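Heads up, the thing below is written out as structure tokens.
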Amino acid sequence: MQSRSRTDEKKRSPGMPITVASHTISPDERLRIEMPASRLPTGTWLSVPVEVINGKHKGPRLWLSGAVHGDELNGVEIIRRVLRDVSPADLSGTVIAVPIVNVYGFIEQSRYLPDRRDLNRSFPGSPRGSLASRLAHLFMQEVVSQCTHGIDLHTGSNHRTNVPQIRANLEDPETRRCADAFAAPVQMHSSTRDGSLREAATERGIHVLLYEAGEPLRFDEAAIRTGHNGVLRVMKRLGMIQKAPPRPRQKPLNVVSSSWLRARRSGVLHLTVAPGDMVHPRQIIGWVMDAFGDESRAIRTPNAGVVLGLTNNPLVNQGDGVVHIGRLSEESTDSPPADEPAQAPAAASEIGEAPPRLEQAADQSVDVPPDAL
């Protein structure tokens, strides 16, 4: 009697070859490619690293992209771990992984390209445009246009850090299905931005998740683990792999809108919250002081919600965004904590304890060993 796995294997259709950057990858094969981007002023070619895993069996085609902003590094490690865990012999479909899209910014440890353009405002790009536009066009042509689904991996920007969260068009059933499978601590319906990778891909009928977690130029292990496990869960939901880490016990918080709280005066910032903290209306979440602490102004939340992100830079100017608050859907709303005292602390050491926090360890799954898939 044949085993069930062999029977299922016979039912699956064989995979098809795929061509990326003039390289053809056959079914049940993986290949690393150096995709030429442009020449440096020295005349040396700069290329974008790509790894293609073409499964033995037919299935969805998923792209994974990291470092679209060159200083956002968590996605690089997430993709490395996913590639470690996926075998072409056990894969239904294709994974096109690009851990470093913005190779220029990555080398310079910068969000931008050498001309200071933002790659994620340059899609779908043009073969005759700016450097950013040409790189966007190359990525769209060689990677995105060949896929049915995509996961774009980001962090906070400009000294800001984010709680692990999925941003996507949750009104699209297939995209919502993927977001639910990813099971990040927070998920938010988000419209696309002009020139973004997600907008360009969505206009081509591709279902895209944008994962935000952590801060620039830092590896955040909790954010990386959540992203790694989330990608594998999406792949399992799509039928690309057979096994993936279990969903975390805590259900994702659904954010319906968000806004930044801004400093009303310049000074030194002391916050009493962290990404993932739950807050209630009129709660004091920090203070802006002068250097001696003699003058201070409280920062209060306008409504209940969850801290999606915040600045790590204690030096703020009037009008700077300091804390990003997400307003929760009714089913995600919990009872608020007790009121905070209204008197400012005399020194930073008296700031006090943080309010109740959404566990970033909501994804308790450990890394999946290579033989688990």
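Residues whose amide H falls under 5 Å from that of S296, counting only those 5 or more places apart or on a different chain, are absent, with hydrogens built in the peptide plane.
Mean-square fluctuation check for the chain, GNM, Cα pairs under 10 Å: which of E174, E72, E203 is largest? Between E174, E72, E203, it is E203 that shows the largest mean-square fluctuation. Estimate the FRET efficiency between K58 and L217 by the formula 1/(1 + (r/R0)^6), using the beta-carbon distance for r and 30 Å for R0, to the nearest 0.05. Once rounded, the FRET efficiency stands at 0.15. Principal axis extents of the Cα atoms in the chain, from largest to smallest and rounded to whole angstrom, are 73, 60, 33. One chain, two ends: A274 and A89. Fully extended at 0.36 nm per residue, the span grows by 62.3 nm beyond their Cα-Cα distance. Antiparallel beta bridges, as assigned by DSSP with both residues in region 1-149, represent about 70 percent of the total such bridges.
Panel order for W45, W287, by other beta carbons found within 10 Å of each beta carbon, from fewest to most: W45, W287. Note on R12/Q141: beta-carbon distance plugged into 1/(1 + (r/R0)^6) with R0 of 25 Å gives a FRET efficiency of 0.30. Length available on full extension from T42 to K243: 0.36 nm per residue minus the Cα-Cα distance, which gives 67.7 nm.
With a simple spin-label model that places each label point 7 Å from the Cα along the Cα-to-Cβ direction, the separation between Q318 and Q250 comes to 3.8 nm. When only the Cβ of Lys, Arg, Asp and Glu is charged (+1, +1, -1, -1), the dipole of the chain relative to its Cα centre reaches about 1240 debye. Using only the Cα atoms of region 16-86, build the gyration tensor, take square roots of its eigenvalues as a ≥ b ≥ c, and label the shape rounded, prolate or oblate: rounded if a/c is under 1.5, else prolate if a/b is larger than b/c, else oblate. Verdict is oblate for region 16-86.
Here each label is just a point 7 Å from Cα along the line to Cβ, and for A298 and T19 those points are 6.7 nm apart. Label sites at T148 and S126, each approximated as a point 7 angstrom past Cα along Cα to Cβ, lie 3.4 nm apart. Backbone geometry of region 158-174 corresponds, through the Karplus equation with coefficients 6.51, -1.76 and 1.60 at θ = phi - 60°, to 3J(HN,Hα) couplings of 6, 6, 10, 10, 10, 5, x, 8, 10, 10, 6, 7, 6, 7, 8, x, 5 Hz, x marking Gly and Pro.
The HN-Hα couplings worked out from phi for region 101-108 by the Karplus form 6.51 cos²θ - 1.76 cosθ + 1.60 (θ = phi - 60°) are 7, 8, 5, 5, x, 4, 5, 8 Hz, whole numbers, x standing for Gly and Pro.
Along the axis of the charge dipole computed for the chain (Cβ charges of +1 for Lys and Arg, -1 for Asp and Glu, origin at the Cα centre), the listed residues I53, L170, I78 are led at the positive end by I53.
Given R0 = 56 Å, the distance between the Cβ atoms of R116 and E331 translates into a calculated FRET efficiency of 0.85.
Here the 3J(HN,Hα) profile of region 143-153, calculated from phi with Karplus coefficients 6.51, -1.76 and 1.60 at θ = phi - 60°, is 10, 4, 5, 9, 10, 9, 9, x, 10, 9, 9 Hz, Gly and Pro shown as x. Potential lengthening of the chain between A291 and S257 amounts to 8.8 nm, from the contour at 0.36 nm per residue minus the alpha-carbon distance.
How would region 1-119 be classified by its alpha-carbon gyration tensor: rounded, prolate or oblate, with rounded meaning a/c under 1.5 and the a/b versus b/c comparison settling the rest? Cα axes put region 1-119 in the prolate bin. For the chain, take the longest principal axis of its alpha carbons; what is the angle in degrees between that and the long axis of helix 74-85, to the nearest 10 within 0 to 90? Long axis of 74-85 versus the principal axis of the chain: about 40 degrees.
The shape of region 207-329 comes out prolate: with a ≥ b ≥ c from the C-alpha gyration tensor, a/c is at least 1.5 and a/b beats b/c.
A short reminder: the numbers here are calculations on the coordinates, not readings from a lab. No experiment lies behind these values; they were computed from the predicted model shown. Because the Cβ atoms are built from the backbone with ideal geometry, glycine has one as well, and the counts that use them run over all protein chains shown.
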